[in-house]
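*Asks:* Following this message is one structure expressed as structure tokens.
The values are calculated or read from the model by the stated rules, or taken from the named source; none is laboratory data. Note that the coordinates shown come from a computational prediction; the quantities given were computed from them, not determined experimentally. Quick reminder, even Gly has a Cβ in these numbers, built from the backbone with ideal geometry, and neighbours come from all protein chains shown. For the accessible areas, the whole protein counts, side chains as well, though only heavy atoms, and no ligand, DNA or RNA atoms are used. Shrake-Rupley method; radii C 1.70, N 1.55, O 1.52, S 1.80 Å.
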Amino acid sequence: MEIKKFNALIIDDHPLISEAYKSAFGFVESQNDYKFQIQVADNCDTAQTIIEDFSDANDNIDIIFLDISLPPSNDGKILSGEDLGLLINEKLPEAKIIVSTTFNDNYRVHSILKNVNPDGFLVKNDITPIELVSAIQEVIIDPPYYSKTVTKMMRNQVSHDYFLDDLDRKILYELSIGNRVNKLPLILPLSLAAIQKRKRQMAKIFDIDNSDDRNLILAAKEKGFL
């Protein structure tokens, strides 16, 4: 039987986890007529370069493990793995994304599902060798695949219709590095009134007082948005 070849990308800044993904790919190869060509990126900048190189070459990455908790890119334009997920959806729309995260906050998980719409979603506390193998096989053959914690959270409806998007996360990031609100219209494509409205929405979601940016930043960090 002809061997099916797949391009795979692992985006994670923890070497032990990347090795676990590699081992899972190796096991899937041993049980199927598959061959995975694997690349690893341990930061947003390297991942962005690989994604854009494939896109520019009109080539595709078939399956991507994407860690959400990544430090921002050097230029501050890619704030986390969530932004990389949006970039992948734009540049490589045929790629199948398996998100992995340590976050188990109900709202945060729903936000990632809404924004990135991954083909697989794993909470790292659920990850076992069997779980990784199952995720790879099911995402290749019949996605989506969700780990146990994610499945439970999906059953719990989020009470807010408003989800944080990339502009919301950029507002949070700029505030977290010390930029004042009245300076943000010079940095982001939003008016001051629009920024204030988004801040009020986020404060409502986080159930905090909108008057103090420090509270907003602390709440965002606690929920995993920073």
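*Asks:* Pick from 25, 36, 54: which is most flexible by mean-square fluctuation in a GNM of the chain where alpha carbon atoms under 10 Å apart are linked?
*Replies:* Result: 54 has the largest fluctuation of those listed.
*Asks:* Here's something else I'd like to know. Across every pair of different alpha-carbon atoms, what Kirkwood hydrodynamic radius in Å does the stretch 37-168 reach? Working shown, then result.
*Replies:* Working: mean 1/r = 0.0657 Å⁻¹.
By the Kirkwood definition, the hydrodynamic radius is 15.2 Å.
*Asks:* Which one of 93, 220, 150 has its Cα pushed farthest toward the positive end of the charge dipole of the chain, where Lys and Arg give +1 and Asp and Glu give -1 at the Cβ?
*Replies:* 220
*Asks:* Sticking with the crude label model, points 7 Å out along Cα→Cβ, report the distance from residue 207 to residue 186 in nm, one decimal please.
*Replies:* So the label points at residue 207 and residue 186 sit 3.8 nm apart.
*Asks:* Tell me which aspartates and glutamates have Cα within less than 19 Å of residue 35's Cα, excluding those fewer than 8 residues away on the same chain?
*Replies:* Output for residue 35: 2, 19, 59, 62, 94, 138, 142.
*Asks:* Of the heavy-atom accessible surface of the stretch 4-156 (probe 1.4 angstrom), what whole percent is carbon and sulfur?
*Replies:* Here it works out to 47 percent.
*Asks:* Also, I was wondering about something else. Against the empirical 2.2 N^0.38 Å scaling, what ratio does the C-alpha Rg of the chain come to? Write down the numbers at each step before the final one.
*Replies:* On the way: Rg = 18.4 Å, N = 226, 2.2 N^0.38 = 17.3 Å.
It is 1.07.
*Asks:* Moving to a separate point now. Could you work out which residue, out of 74, 106, 43, moves most in a Gaussian network model of the chain, that is, has the largest mean-square fluctuation with Cα springs under 10 Å?
*Replies:* The residue that fluctuates most here is 74.
*Asks:* Check cross-link reach from residue 183 to the aspartates and glutamates: straight Cα distance under 12 Å, and skip same-chain residues fewer than eight apart.
*Replies:* 174
*Asks:* Moving to a separate point now. If I compute solvent accessible area with a 1.4 Å probe over the protein chains, what percent of it on the stretch 166-223 is carbon and sulfur?
*Replies:* Here it works out to 47 percent.
*Asks:* While we're here: Keeping all protein chains in place, calculate the accessible area per residue for the stretch 115-226 (probe 1.4 angstrom), answer in Å². Could the numbers behind the result be given before it?
*Replies:* On the way: 6240 Å² over 112 residues.
Here the per-residue accessible area is 56 Å².
*Asks:* When the convex hull of the Cα atoms of the stretch 166-223 is projected onto a plane and the area is averaged over all directions, what value comes out in nm²?
*Replies:* Over all viewing directions, the stretch 166-223 projects a mean Cα-hull area of 3.5 nm².
*Asks:* Same structure again: Determine the alpha carbon to alpha carbon distance for each of 22/114; 77/204; 22/124; 91/221 and list only those over 18 Å.
*Replies:* 22/114; 77/204; 91/221
*Asks:* Moving on. State the dimensionless ratio Rg/Rh of the stretch 40-106 (Rg: radius of gyration of Cα atoms; Rh: Kirkwood radius).
*Replies:* We get a ratio of 0.96 for the stretch 40-106.
*Asks:* Give the residue list of trypsin sites (Lys or Arg not before Pro) in the stretch 5-74 that are DSSP loop and have at most 12 other beta-carbon atoms within 10 angstrom.
*Replies:* Nothing satisfies the criteria.
*Asks:* Related question: Can you compute the FRET efficiency between residue 74 and residue 3 using 1/(1 + (r/R0)^6), with r the Cβ-Cβ distance and R0 = 30 Å? Round to the nearest 0.05. Mind dumping the intermediate values first?
*Replies:* Values: r = 39 Å, r/R0 = 1.28.
Calculated value: 0.20.
*Asks:* Calculate, for residue 37 and residue 134, the FRET efficiency according to 1/(1 + (r/R0)^6) with r their C-beta to C-beta distance and R0 22 Å; round to the nearest 0.05.
*Replies:* Rounded to the nearest 0.05, the efficiency is 0.55.
*Asks:* Now for a separate question. Once you keep just the Cα pairs under 8 angstrom separated by 6 or more residues, what percentage relative contact order results for the stretch 79-215?
*Replies:* The value is 19 percent.
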